[in-house]
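Worksheet for the structure shown next.
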Amino acid sequence: MNSPEFNSLNQLFEGLSEEELAQRLGVEPATLQQLREQPNFQQWSQDKDPESVSWRYQKHKQRYIINLSFG
């Protein structure tokens, strides 16, 4: 399964739709709906992501964005 690539920095920071992230992670959108509020979602998404990117859900935007944590 091919994962969607980021076409621009703007798209990177806008985040992905549920369908786009589901395709990238190789899961069904319903799986994201079930898991996105779970405390381990970021780790789960990182484990599934082809580039080991961690994701989080922004409810007010209804988009999945890259979890940027520095430390």
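Computed from the coordinates by the stated procedures, all read-outs in this text should not be read as laboratory data. These figures come from a predicted structure and were not determined experimentally. Note that we place each Cβ from the backbone using ideal geometry, even for glycine, and neighbour counts take in every protein chain shown.
Between residue 37 and residue 65, the modelled labels are 2.0 nm apart [label points 7 Å from Cα along Cα→Cβ]. Under 18 Å from a label point set 7 Å out along the Cα-to-Cβ vector of residue 27, the amide N atoms of the stretch 46-63 belong to 46-59, 62-63.
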